[in-house]
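What follows draws every value from the coordinates through simple rules; no lab data is involved. Keep in mind it's a predicted model, so treat the numbers as computed, not measured. Here the Cβ is made from the backbone with ideal geometry for all residues, glycine too, and neighbour counts use every protein chain on show.
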Amino acid sequence: MANGTKAPLWANLVATFFGVGHLRPGPGTWGSAATVLLCWLALRYIPTNLYVLSVILAALFVTAIGIPAATRVARAHGAKDPQFVVIDEVAGQLITLVAAPVAWKSFLVGFILFRGFDILKPPPVRHLERLPEGVGIVVDDVGAGLYALAVMQLLRHFGLLPH
């Protein structure tokens, strides 16, 4: 620990998405993949008419709890954006899947789009990283998720995603 204090257990569990962030290689990709899988599984138990609302609420909740968790873990490790903190990928991936057609091809496209925008960080997403602590860690992925959501909806509008 860089500052001599450990992050609370809850913050470590949330920030690493219950340990997924410790998977290698590419912990961010593992965080996104776990999110897609869990979202897919959850859809089996969520009524279709509640899907969009459920994903929006999940994304808001993950973002709200992810910011303080990422802040505490980053402080404890003395790092601006530790790679093992993947709650930001969870939030961004959830945003990408809002209103996505419930089909494996759509979820795969959403996964690829989000990872692409998260890695490339087009403007102004890269600037969001400069925000302090957990806000900067999480909000840049929220921005990448919004870009991916927009592309998903354009693909859907033009009939390039299954319904």
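Return the sequence-ordered ³J(HN,Hα) values of the range 30-37 in whole Hz as given by the Karplus equation 6.51 cos²θ - 1.76 cosθ + 1.60 applied to θ = phi - 60°, using x for Gly and Pro.
5, x, 5, 4, 4, 5, 4, 4
Measure nothing but the geometry: give the 0 to 90° angle between the long axis through the Cα atoms of 87-97 and the longest principal axis through the Cα atoms of the chain, rounded to 10°.
The angle comes out near 10 degrees.
Among rounded, prolate and oblate, which fits the range 53-118 when a ≥ b ≥ c are the square roots of the eigenvalues of its C-alpha gyration tensor, a/c under 1.5 means rounded, and a/b larger than b/c means prolate?
Here the range 53-118 falls in the oblate category.
For helix 51-77, what angle does its Cα long axis make with the longest principal axis of the chain, in degrees from 0 to 90 and rounded to 10?
Value to nearest ten degrees: 20.
Report ³J(HN,Hα) in whole Hz for each residue of the range 12-22, in order, from the Karplus equation J = 6.51 cos²θ - 1.76 cosθ + 1.60 where θ = phi - 60°; Gly and Pro get x.
Going residue by residue, I get 5, 5, 5, 4, 8, 6, 6, x, 4, x, 8 Hz, with x marking Gly and Pro.
Relative contact order of the chain, please, whole-number percent, based on alpha carbon pairs below 8 angstrom and at least 6 residues apart.
Reported as a whole number, the value is 28 percent.
Relative to the first principal axis of the alpha-carbon coordinates of the chain, what is the inclination of helix 133-157, with its axis defined by its Cα atoms, in degrees from 0 to 90 and to the nearest 10?
Helix 133-157 sits roughly 10 degrees off the main axis of the chain.
Which entry in [x] 174; [y] 113; [z] 101 matches volume of the Cα convex hull per residue in Å³ derived from the coordinates of this structure?
The listed entry that was calculated here is [z].
Which value in deg cm²/dmol, rounded to the nearest 500, describes the helix-derived mean residue ellipticity at 222 nm for the chain, given -39,500 (n - 2.57) per DSSP H run of n ≥ 4 and division by the residue count?
After summing the helix terms and dividing by residue count, I get -21500 deg cm²/dmol.
Counting Lys and Arg as +1 and Asp and Glu as -1, what is the net charge of the other residues whose Cβ lies under 15 Å from the Cβ of Gly134?
-3
Any idea how far the Cα center of the range 89-116 sits from the one of the range 123-163, in Å?
Using only Cα atoms to place each centre, the spacing works out to 10 Å.
Which loop chymotrypsin sites (Phe, Trp or Tyr not before Pro) in the range 70-163, with loop taken from DSSP, have no more than 10 other Cβ atoms within 10 angstrom of their Cβ? Mind dumping the intermediate values first?
Working: sites: Phe84, Trp104, Phe107, Phe111, Phe114, Phe117, Tyr147, Phe158; in loops: Phe84, Phe158.
Here the chymotrypsin sites (Phe, Trp or Tyr not before Pro) that fit, given the DSSP loop and packing criteria, are Phe158.
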